Amino acid sequence: ESESSTSWLLDKDRIAKRARELFDRNKAVVQGAPTPSSCTVSFQVVDERGNATSFVNSNYMGFGTGLTPRGCGFTLQNRGAGFSLDGSHPNALAPNKRPYHTIIPCVVTHSDTNELHSTLTNMGGFMQPQGHLQLVVNMLALGMDPQTAVDSPRFCILDGTRDGTVFVETGFLPGTIEALGGMGHRMRSDVSGNEREVFERAQVIIRDRETGVLCAGSDGRADGCALGY
């Protein structure tokens with residue numbers, strides 16, 4: 001039977017034989033325990049003309065509102081939870097207002113021509129504006145390519161407040177951590193392994209304005225990928 005046939009690929013006896021031959025219980029280990037969540041998704045797309053899409057979608061908390069439109073296979077988000085019910089608050093619930101939230105798809109353009117420079121996101125709650133800042137500084141100020149910019153260690157003020165604890169990924173110089181601590185910041189250094197989820201996930205595509213060549217970077221802290229076609 002042809003090895004390209006569906007019946008050959010799905011043959012249970014063939015699969016069981018391969019499993020017995022190849023599976024080694026002594027080498028089968030579980031590395032860590034990633035969070036079983038998929039509340040936010042992002043992708044970046046750029047075509048040959050420099051048209052770009054930066055897309056982020058999230059239900060926000062858990063299953064969002066828990067409400068599913070009739071005939072649809074998704075739940076509605078509950079970003080309205082970002083409103084304040086305090087009438088004196090700047091983000092008080094009122095007509096013609098949008099709630100504060102952290103869905104921040106990003107496109108960077110050249111200031112002189114408005115041509116595309118890059119399209120990017122750094123998903124994940126209050127990390128999003130912080131991640132965008134770090135990615136843009138890495139690429140524009142430090143001259144990093146997209147993948148190097150994504151791979152570089154990050155910091156995150158996890159609760160998004162002015163006085164919040166600063167989580168710092170492994171890779172920063174000890175002197176930098178000490179200097180920031182001396183300024184009064186509460187530092188949590190050497191965050192590594194699965195705890196790095198606080199720095200969330202970034203995707204970047206950069207376009208060379210002279211040649212139109214595209215270069216992409218995808219975060220190894222998650223399961224994204226960079227593809228050209």
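The values are calculated or read from the model by the stated rules, or taken from the named source; none is laboratory data. The structure presented is a predicted model; accordingly, all values stated were derived computationally and were not measured. Every residue, glycine among them, receives a Cβ derived from its backbone with ideal geometry; neighbour counts consider all protein chains shown. Ligands, DNA and RNA are stripped out before the accessible areas are found, and what is left, the full protein with its side chains, is counted by its heavy atoms. Shrake-Rupley method; radii C 1.70, N 1.55, O 1.52, S 1.80 Å.
Quick look at the values:
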item	result
Under 25 Å from Lys27, Cα to Cα: lysines that are on another chain or at least 8 residues apart	Lys12, Lys17
222 nm mean residue ellipticity, helices alone, for the chain (DSSP H n ≥ 4; -39,500 (n - 2.57); rounded to 500)	-4500 deg cm²/dmol
Karplus-derived HN-Hα couplings along the stretch 48-56 (A = 6.51, B = -1.76, C = 1.60, θ = phi - 60°), whole Hz, x at Gly and Pro	5, 8, x, 6, 9, 10, 10, 10, 9
HN-Hα J in Hz across the stretch 189-195 - Karplus 6.51, -1.76, 1.60, θ = phi - 60°, x for Gly and Pro	9, 6, 6, 9, x, 5, 5
Long-range amide H partners of Cys106 with built H, under 5 Å	Leu120
Dipole moment magnitude, nearest 20 debye, the stretch 139-191 about Cα centre, only Lys, Arg, Asp, Glu C-beta charged	160 debye
Student exercise, the chain dipole from Lys, Arg, Asp, Glu Cβ charges, in Debye to nearest 20	700 debye
Rounded if a/c under 1.5, otherwise prolate or oblate - the stretch 83-188, Cα gyration tensor axes	oblate
Qualifying trypsin sites (Lys or Arg not before Pro) for the stretch 137-207 [loop in DSSP, other Cβ within 10 Å: at most 14]	Arg162, Arg186
Portion, in percent, of the accessible area of the chain that falls on carbon or sulfur, probe 1.4 Å	55 percent
Summed residue charge, Cβ within 15 Å of Phe83's Cβ, Lys/Arg positive, Asp/Glu negative	+2
Charge dipole (the stretch 1-153, unit charges on Cβ, about Cα centre) - positive-most of Leu22, Gly62, Gly125	Gly62
Per-residue ³J(HN,Hα) for the stretch 129-141, Karplus 6.51 cos²θ - 1.76 cosθ + 1.60, θ = phi - 60°, Hz, x for Gly and Pro	x, 5, x, 4, 4, 5, 5, 5, 4, 4, 7, 7, 7
